[in-house]
Amino acid sequence: MVDYDILIDCYCDIFETWENKPLNSNLTYKETHNTIKQILEKEYCEEICDKIKEGNFTEGEVKKIIVELDVQYNIYKNEFEYTKTVEDDLLEKFKKGEL
């Protein structure tokens with residue numbers, strides 16, 4: 001999720017694609033970026049990390065967290081890979097002077 005957050009930020013700033021939609025998404029990159037930021041703030045926050053480190057979750061709670069993180073990862077995995085490929089192709093063209 002962190003990688004996709006960074007990728008969107010860089011890609012959209014460089015190529016001004018904030019209003020484009022990745023793959024078959026109903027959301028623009030700007031909307032996706034905001035959603036990912038919310039997920040990172042909620043699901044990957046320091047409080048949850050500390051609770052996991054300290055063992056303050058029940059086994060059921062940990063399993064639920066893992067399932068939710070897997071679902072989020074799977075939702076955005078294809079979009080991340082697509083965006084990374086497009087960005088890499090554009091950067092290669094830029095290096096060659098084709099853009």
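The values are calculated or read from the model by the stated rules, or taken from the named source; none is laboratory data. The shown structure was predicted, so the numbers you read here are calculated from the model rather than taken from an experiment. Please note: Cβ atoms are built from the backbone with ideal geometry, for glycine as well, and neighbour counts cover all protein chains shown. Just the protein is used for accessible areas: all its heavy atoms, side chains included, with ligands, DNA and RNA removed. Shrake-Rupley method; radii C 1.70, N 1.55, O 1.52, S 1.80 Å.
The figures follow:
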| item | result |
| --- | --- |
| Sparse-neighbour loop sites [GluC sites (Glu not before Pro); segment 1-91; at most 15 other C-beta within 10 Å; DSSP] | GLU16, GLU19 |
| Hydrodynamic radius by Kirkwood, which averages 1/r over all alpha carbon pairs of the chain, in angstrom | 15.1 |
| Sequence-separation-based contact order of the chain, relative, with Cα cut under 8 Å and 6+ spacing, percent | 33 |
| Lysine pairs in segment 20-89 with Cα atoms under 22 Å, if 8 or more residues apart or on separate chains | 22 |
| Contour excess over end-to-end distance, with Cα ends at ASP88 and ILE66 and 0.36 nm allotted per residue | 4.9 nm |
| Heavy-atom accessible surface of the chain: percent carbon and sulfur, 1.4 Å | 51 |
| Segment 23-99: chymotrypsin sites (Phe, Trp or Tyr not before Pro) in DSSP coil with no more than 14 other Cβ atoms inside 10 Å | TYR44, PHE57 |
| Candidates per trypsin sites (Lys or Arg not before Pro) in segment 33-99, loop by DSSP, up to 12 other Cβ within 10 Å | LYS96 |
| Computed lengthening from GLU19 to GLU98, 0.36 nm per intervening residue step minus Cα-Cα distance | 26.1 nm |
| The chain: DSSP helices with Cα axial extent of at least 18 Å and average Kyte-Doolittle hydropathy no lower than 0.5 | 2-15 |
